[in-house]
1. Which of the three applies to the range 293-338, rounded, prolate or oblate, going by the alpha-carbon gyration tensor with a ≥ b ≥ c and a/c under 1.5 meaning rounded?
2. If each residue of separation counts as 0.36 nm, what is the full-extension length gain between H556 and L312 once their alpha-carbon separation is subtracted?
3. Below 12 angstrom from the Cβ of L378, what's the summed charge of the other residues (Lys, Arg +1; Asp, Glu -1)?
4. Per 0.36 nm of contour for each residue apart, how much would the distance between S366 and S345 grow if the chain were fully extended, relative to their Cα-Cα spacing?
5. Between N570 and K283, what is the spin-label point distance in nm, taking each point 7 Å from the Cα along the Cα→C-beta axis?
6. Which shape class applies to the range 331-401: rounded if a/c is under 1.5, otherwise prolate when a/b exceeds b/c and oblate if not, where a ≥ b ≥ c are the square roots of the Cα gyration tensor eigenvalues?
7. Give me the percent of the accessible area of the range 268-414 that comes from carbon and sulfur atoms, probe 1.4 Å, all protein chains in place.
8. Applying 1/(1 + (r/R0)^6) with R0 = 25 Å to the Cβ-Cβ distance of T304 and K57, what FRET efficiency is obtained, to the nearest 0.05?
Amino acid sequence: MHACHFLTCVYVCGRDPSPTEMSVEPSWASPQDQAAADHAHSTHALPSQDQEQHPDKLCLDSFWSEVETIRQGSGYSDLDCSRRDSKQSEEGEQEEQWLADAGLSTLISEEAEDVDNVVLLSTLTRTQAEAVQRRIDSYTLSLRKRNKSAPRDVRDVFNSPISQTLLPESEHSEAQNSMASVAKSPLSGVTPEHQQGAPKEEFFITDVAYCEQAVIFLKQAKLPQNNSQRRKEDGTLPRVICPKCRLGVTHIQDLSYADMKKVRQLALIDMTALCDLLELEVKRHKTGKRKIPESPLFGVHLATLLENDQKLKPNTPTPLFLQALLSFLEKKGVDSEGILRVPGSQSRIKLLQQNLEANFYSGQVSWEEVSPNDAAALLKKFIRELPAPLLTAEYLNTFSAVRDITDLKQKLHMLNLLILLLPEPNRNTLKVLLEFLSKVVSREKRNRMNLWAVATIMAPNLFLHKAVPSRLTEGAEKGQAEKAADVMRLLIRYQDLLWTIPNFLMSQVRKLNENSNRRYQFYDRRIKNLLRKIHTDSREKPGKNTSELCRTVKVHVGDLVSSTMEFQLNINSRTSDLLAQFHRQFVHSPENRKGKMRRNGSVASPDCGLYEVGGNIGEHCLDPDTHLLDLYNSNPGGEWVIKLKPNASRAL
């Protein structure tokens, strides 16, 4: 079933899709909610959580108290209007930087050839391409004001002979038919029984580009019958059900650096198109030069801090100081009443900071006498004293603008794309912070800090930064505080969902790699028709003679660097089945007594993963529920390799 037809079935029928449409484990459900999620077969489910529907007066008071602390403690009272450390790009500079970040700088280069542009443009949807054209138009207008020659129109690139070779007409018509089927789906994914008082559920579809889903949503929102039937938001967060496709879920850490770079380019284009559709006017900022900090821990750029820490502990994903601080708070602070909200002693916090700066790396810091409230205050100070915002100067205002989006799914779409756009140090640091905040919320009965309370306290620390002007504190106090806290609670509540790569981006990356691999063939226009025929034939072949296949799998684990194993494929074969055979054949077999899979004198049971390498992907660690025959059909040119996952290899 095509992804878009599947989308229609999910929304219209309000049923769980069949096992042939997705996999079967709701692994995003928390243990305490697993029983409630058992009925949601073939899905990833995020269960609803008992919580207050809106922040109470104490939460709102805490929000503005936190804002005042940031203003006074950080030494800048002109937080709302400061431009000292922020530089807004000159006219045309924003568009030029955007095109560079999107991998499309060649569109404004006089020496660029069509093939350089088409490789990326050929993967875009109609709405994504229109967003690119708007940036070109804006850049062109700025050049005309400066009496410079304008770049070419994107439509000229699409109409070139090479683009017609890269993007056959059949795919244009297929995309149009797909979106037509999506248009038939109703405005809300909530079934009638949920509208009548049962726990709310939302279907989160990632097979179709988020901007294209927004096009359909906005068209349907204009219909009178949909306006009258639209469900009123009451502030509670629903279970978000994300159907799992047969290729499985891809997490950010599952892709190679080269493929993640392409994901970021495509995510920027889709996010920009979504902002255009939702009329979110967000301008990117860049931080100015700042003084080199005297402290080795506070006020240091994340990248610099990580670079220094990785000399001590190679490949550490987050700063060692932050790891130690969070580890202490998880042991001693999560059960402390009012943690994060109750302020610590300013004199003790100052002494603790000085002690850590002087002795942390020598290992002479004793945490035994540290107050959890002092440590929590130091955590917030560490975040807000970063030279650039944790959410980055470029995207901080876009994160803040999510509060103005009314539809929950569109908020999550925007946040998902923004997480993908963050630099790796920022994204990893944000993730460990959100994981800690989630643990605080899970201990609500002891610490009396529910989701709203944690969100209202932490929102100012993430969304206010002296390097970027903010409108967060403008307007009606209650409304602004509640909106900012709402974005924060979405980050905490749905973090596992937000750290995945949507299926449509994975498809676009595969198409981009395919086009890149054959880009030089398109200089000879005489083979155009032959290539189309080959392209069509290759799409038809996987369906034939693939019901029973035998794949050779490379094994790169321990001393087995040149070993292989044979695996018989059928329609039900999954990654977990192949790894189970690997463990039977290599880990638990008598052959292993020869020491090939030993660690510390005992037989090892390593944390191995199955990777697809090459073909239309760089390197991709596969979900255990990936259907391998579907993977083969999707990427017949890729190799399959079993090797240790990065965390496991560091432990050996």
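1. Taking the square roots of the gyration eigenvalues as a ≥ b ≥ c, the range 293-338 is oblate.
2. So the chain would gain 85.1 nm between H556 and L312.
3. Working: positive: R348, K350, K380, K381, R384; negative: E357, D374, E385.
Around L378, the charge tally is +2.
4. 5.8 nm
5. Taking the two extended label points, one gets 6.3 nm.
6. Details: a/c = 2.51, a/b = 1.52, b/c = 1.65.
The shape class here is oblate.
7. Details: 3210 of 6670 Å².
The C+S portion of the solvent-accessible surface of the range 268-414 is 48 percent.
8. 0.05
The values are calculated or read from the model by the stated rules, or taken from the named source; none is laboratory data. No experiment lies behind these values; they were computed from the predicted model shown. With ideal geometry, Cβ positions are generated from the backbone for all residues, glycine too; neighbour counts draw on all protein chains shown. When the accessible area is computed, the model is the full protein with side chains, heavy atoms only, and any ligands, DNA or RNA have been set aside. Shrake-Rupley method; radii C 1.70, N 1.55, O 1.52, S 1.80 Å.
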